[in-house]
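The values are calculated or read from the model by the stated rules, or taken from the named source; none is laboratory data. Predicted model only: the values in this text are computed from it and were never measured. Cβ sites come from the backbone with ideal geometry, for glycine too, and all protein chains shown count toward neighbours. Note: accessible area is taken over every heavy atom of the protein model, side chains too, but ligands, DNA and RNA are not part of it. Shrake-Rupley method; radii C 1.70, N 1.55, O 1.52, S 1.80 Å.
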Amino acid sequence: MLGLLVSLLSSTIAPDPVAADRAIAVKVDQVYTGEGEVLRGGYLIIRDGILVDVAAASVPEGAWVLEYPGASACPGFIDPVTGLGAGRNLQEPARAVLPQAHAKHSLAPFHRDFRQAARQGLITVGLSPTSDNLIGGHLAVVRTSGPEEAAAFVQDGPMRMALVDDAFEWNRAPTSRMGAMHLLRQEIGEDFADSVVIDARSADQIRLSLELLGGSGQSVTVLHATEADEVRDSLAAAGASVILGPYTLSSSRHDLKLAAELADSGVPVAFTGNGHAAHLRTTAALAMKEGLPAKEALRALTSVPAKILGVEKESGTLAKGKRADLLIFSGHPLDLASRLEAVMIAGLPIELGSTESPKKGQGQ
Amino acid sequence: MIMARSKQFAGLAVAALLSVTAEAGETLALRCRQVHDGNGEVFEPGVVVVEDGKVVAVGQSPALPSAAKVVDCGEAVLSPGLIDAAWQLGTHSDVGFSEQSSEVIPHLHVADSVDLHSEVFETLAREGVTSVYVTPEAASVLGSQGALLKTGGAGISRLVDCPPSIKANLGPESSRRAGWNRRPFSNNVDFHVRRPTTRMGSTWVFRKAFASAKEYAELGIEAVNGEGHTEESIAALQEVLSGKVGLRFQARKAHDIHTAQRLCTEFGLTHILEYAQEAYECLELLAETRTPVIFGPLDAQARGMTRNFGDRTKPCLRAPMLLQEANVPFCLTACDGLGESGLARIAGRAVRLGMDREAALAAVSKDAAAILGVGDRLGVIAAGNDADLVLWNGTPLDDTSKPVLVLIDGQVAHDETGLLDDES
């Protein structure tokens, strides 16, 4: 019933470039801002793709009004570390230390991965070099749906690093961690990147990451952080954040509890779904099952990854002045029983595509 | 078993009720049947007083500070914490230990490769080993600097100061078949190819590196990156030449022991021998040069990383006694052995084979600390030393005894007795 209503509405407000400056008013039952707040009963007002009000009492004159009874809105999801559309082009074994590399050069804007991601509600992603280098190069911050339905490079992301076994090759210097640490201490100086995402899983790798970084004021994000529970106090003291996931139904209880434990210690947690919005939602739901509060779980898909990627000024929350990237769910965004009803990118609903399988004889 | 133990410590239940803990700032007096101080002395009965992580008094009945909480350990026996002076952590770790990209890496530090959260430290503590010198893997001709660690505590606090030393190896691990070294073949060329593949090749690398270091120092010019070495490695070797950094040789076979001596004479260096399984064939040389020997493991079977690469050595179970008789400074190492191959068992076997018990205990405590250059803090239960103590449920080092309480820097690292439980 709701789906029908929405699809009717969508068809009546097909994007109209002539009326780009026309205000849009969105009415849902709950607005989850991505900062922990829940707003009820007001309109979200969008002008020129920007949110100008998130709890307006009335609709501006001449505005398109989109009503989604019973639904809720949340910010577009952000996955900080993905390889969307890049295949193996983010894996460069040439050297262990490669700060000159930049993932934007492996961006394939017309790849269908991006269109698919946008339709599932994944609006912003970090395109990241893999863990095959100690220093792998810059992440690229990418919008999955820009002009002409192509992905668009937004800005430079953090520097990608790794201390895990994958970062070592038997025939590439260095082959030992002591060799790696020596090299990294030389490389990481005053003018090294401001922000770093580092793959470190064991407690010891996390300890070394914090020892290496943060001294010159870098913001540090630990990727995977499997044993972060053993060093959570030092993570909190260093002001570091972590990226966990993706979780599946077979993830261990220890892993699932980690998000709650870290959030409880004041360590900001973001989730990755390897570029799949569905995995992001499952990951958040499984972490909630082991005690992560719902508002922290939503933050982990929105405002925390926005901060990690350095786009928190325009994305990651629903607030005045932010880009109107929003998702409309039939219920709570992280309830797996909720349906994604609409995706609005910069204020415009995008075509979600048919959920029906193609009929026989009708090639698509 | 449990019955026997609870009977053994029956007298202690009372003490436990006094809510004794090993908290910082508290003074503990451990009273037991015997105290073996590691320096050849046995106090019977014995009392050790511990305060702020240090031993403050030891003896048959030393004067007790008024604040001291007396813990009656019944029939148990105290010894110093055991020390392994050449522990191969690499075989217990999935962290990369051997740097294959160069055969000369004296500027690197093993501490960077140590997983400080490794569970092996808890295992060692449980077996009475309270300090280990983590020795570099033998894959380099001139390897990295080792690190001394306590097996108690957590994270970075495990690392303790000790005079630095680098490790050299001319044996097969650094040349012929270690890691991935190989002769050039086909068109398969990478950095492994240029490494030495023979003993004379390794010796050449050793001499070339030290000759460059010496020449740069004598000419008073700064080192530059050159063939097989970097400015940093040359600077580190100059520290060795000037005596600020020590040199260890891993030399299992007699002819390696002789080569080590020849090279050290050439460059005016002193050195320590690691493992040295055929040291009994060079007793005169070692006694004359007073070269310290870290001997082990006792059965002369190469273990761990070297198991598959080591030349066969001729085992001699009496080697520790022969070293002792020849007045060669030595200590015992388990190499990478745990459990029945662990340090306590190795020292115990030396006793069974005829070594004096106190000498065997010293060989895994006091003598190891002396060879490491930390004899003023570790290895002996004496006032002012770190409170690294092991309480045995019988005679220390016996096959029938095991550590039941281990204190490291005065903190409980392992406790089966419940003696120090807080029951308030």
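Given the criteria under 30 Å from B:Trp204 (Cβ atoms) and more than 14 Å from chain A (Cβ to nearest Cβ), does B:Val47 qualify? No; evaluated as a whole, the condition is false for this residue. Would you confirm whether any residue within region B:387-395 is closer than 23 Å to B:Phe43 by Cβ, β-branched (Val, Ile, Thr) and either in contact with a helix residue (DSSP H, G or I) (Cβ under 7 Å, 6 or more places away or on another chain) or not assigned by TED's automatic domain parsing to the domain that holds B:Val55 (or both)? Checked region B:387-395: no residue is closer than 23 Å to B:Phe43 by Cβ, β-branched (Val, Ile, Thr) and either in contact with a helix residue (DSSP H, G or I) (Cβ under 7 Å, 6 or more places away or on another chain) or not assigned by TED's automatic domain parsing to the domain that holds B:Val55 (or both). The strands (runs of 3 or more DSSP E) falling completely within region A:1-55 that include 2 or more residues that are modelled with pLDDT of 55 or more and touching a Leu at 6+ places or on another chain (Cβ under 6 Å) map to A:24-32.
Among the residues of region A:168-187, what is the count of those that are in a helix (DSSP H, G or I), facing another protein chain (nearest Cβ under 7 Å) and open to solvent by less than 20 Å² (accessible area, probe 1.4 Å)? Total satisfying the criteria: 4. Does A:Val231 satisfy being more than 10 Å from every other protein chain (Cβ to nearest Cβ) and of a type in the set (Val, Ile, Thr)? For A:Val231, the condition - more than 10 Å from every other protein chain (Cβ to nearest Cβ) and of a type in the set (Val, Ile, Thr) - is not met. Quick check, is B:Ala138 more than 12 Å from every other protein chain (Cβ to nearest Cβ), in contact with a Phe, Trp or Tyr (Cβ under 9 Å, 6 or more places away or on another chain), within 30 Å of B:Cys264 (Cα to Cα) and in a loop (DSSP other than H, G, I, E, B)? Yes, satisfied.
Can you say whether A:Ala193 is in the same structural domain as A:His254 (by TED's automatic domain parsing) and at pLDDT below 90, as far as the supplied structure shows? No. Restricted to strands (runs of 3 or more DSSP E) entirely inside region B:40-126, those with at least 1 residues that are touching a Phe, Trp or Tyr at 6+ places or on another chain (Cβ under 6 Å) and hydrophobic (A, V, I, L, M, F, W, C) are B:77-80, B:82-87.
When B:Ala359, B:Ala334, B:Ala344 are checked against the criterion of being assigned to a helix (DSSP H, G or I), buried (at least 24 other Cβ atoms within 10 Å of the Cβ) and in the same structural domain as B:Gly128 (by TED's automatic domain parsing), a single residue qualifies: B:Ala344. Of the residues making up region A:215-228, just one is within 22 Å of A:Thr282 (Cβ to Cβ), within 14 Å of chain B (Cβ to nearest Cβ) and open to solvent by 20 Å² or more (accessible area, probe 1.4 Å), namely A:Thr226. Filtering region A:196-214 to residues that are polar (S, T, N, Q) and either within 10 Å of chain B (Cβ to nearest Cβ) or open to solvent by 10 Å² or more (accessible area, probe 1.4 Å) (or both) leaves A:Ser202, A:Gln205.
Is it the case that region B:323-336 has a residue that's touching a Ser or Thr at 6+ places or on another chain (Cβ under 8 Å), of a type in the set (A, V, I, L, M, F, W, C) and at pLDDT 95 or above? The answer is yes; a qualifying residue exists. I'm trying to understand the selection: among the residues of region A:110-121, which are in contact (Cβ under 8 Å) with a residue 40 or more places away in the chain, assigned to a helix (DSSP H, G or I) and surrounded by 19 or more Cβ atoms within 10 Å (Cβ to Cβ)? Passing the criteria: A:Asp113, A:Ala117, A:Ala118.
Remark: A:Asp191 matches the filter, which requires a residue to be more than 14 Å from chain B (Cβ to nearest Cβ), under 22 Å from A:His138 (Cβ atoms) and among the acidic types (Asp, Glu). For the condition among the hydroxyl-bearing types (Ser, Thr, Tyr), within 14 Å of chain B (Cβ to nearest Cβ) and outside any helix (DSSP H, G or I), A:Thr124 does not qualify.
Within region A:72-86, the set of residues being surrounded by fewer than 24 Cβ atoms within 10 Å (Cβ to Cβ) and under 14 Å from A:Val31 (Cα atoms) comprises A:Ser72 only.
Between A:Ala306, A:Ala284, A:Ala277, A:Ala294, the distinction of being farther than 26 Å from A:Leu213 by Cβ and in contact (Cβ under 8 Å) with a residue 60 or more places away in the chain belongs to A:Ala277 only. Here are the criteria: (1) open to solvent by 30 Å² or more (accessible area, probe 1.4 Å); (2) more than 15 Å from the chain's Cα centre (by Cα). Tell me which single one B:Ala350 does not satisfy. Answer for B:Ala350: the failing condition is (1). Determine which member of the set B:Ser102, B:Ser93 is at pLDDT below 90, touching a strand residue (DSSP E or B) at 6+ places or on another chain (Cβ under 8 Å), farther than 19 Å from B:Glu274 by Cα and open to solvent by 10 Å² or more (accessible area, probe 1.4 Å). One residue alone meets the criteria, B:Ser102. Restricting attention to region B:145-184, and to residues there that are at pLDDT 95 or above and of a type in the set (S, T, N, Q), which single residue is farthest from A:Leu208 (Cα to Cα)? Only one residue fits best here, namely B:Ser165. Just checking, does region A:88-97 include any residue being modelled with pLDDT of 95 or more, in contact with a strand residue (DSSP E or B) (Cβ under 8 Å, 6 or more places away or on another chain) and more than 14 Å from chain B (Cβ to nearest Cβ)? Within region A:88-97 (the criterion being modelled with pLDDT of 95 or more, in contact with a strand residue (DSSP E or B) (Cβ under 8 Å, 6 or more places away or on another chain) and more than 14 Å from chain B (Cβ to nearest Cβ)), the answer is yes, since at least one residue qualifies. Exactly one residue among A:Leu334, A:Leu249 is surrounded by 22 or more Cβ atoms within 10 Å (Cβ to Cβ) and either in contact with a strand residue (DSSP E or B) (Cβ under 8 Å, 6 or more places away or on another chain) or in a loop (DSSP other than H, G, I, E, B) (or both), and that residue is A:Leu334. Looking across region B:72-91, the residues that are within 27 Å of B:Val49 (Cα to Cα) and among the hydrophobic types (A, V, I, L, M, F, W, C) come down to B:Cys73, B:Ala76, B:Val77, B:Leu78, B:Leu82, B:Ile83, B:Ala85. With respect to the conditions (1) farther than 27 Å from A:Asp204 by Cβ; (2) surrounded by fewer than 24 Cβ atoms within 10 Å (Cβ to Cβ), A:Gly266 falls short on a single one, namely (1). Taken over region A:127-167, the criterion of being touching a residue at least 24 places away in the same chain (Cβ under 8 Å), open to solvent by 20 Å² or more (accessible area, probe 1.4 Å) and within 14 Å of chain B (Cβ to nearest Cβ) is satisfied by A:Asp166 alone. Checking the stated criteria, B:Ser113 turns out to be among the polar types (S, T, N, Q), facing chain A (nearest Cβ under 10 Å) and either more than 24 Å from B:Leu273 (Cβ to Cβ) or buried (at least 24 other Cβ atoms within 10 Å of the Cβ) (or both).
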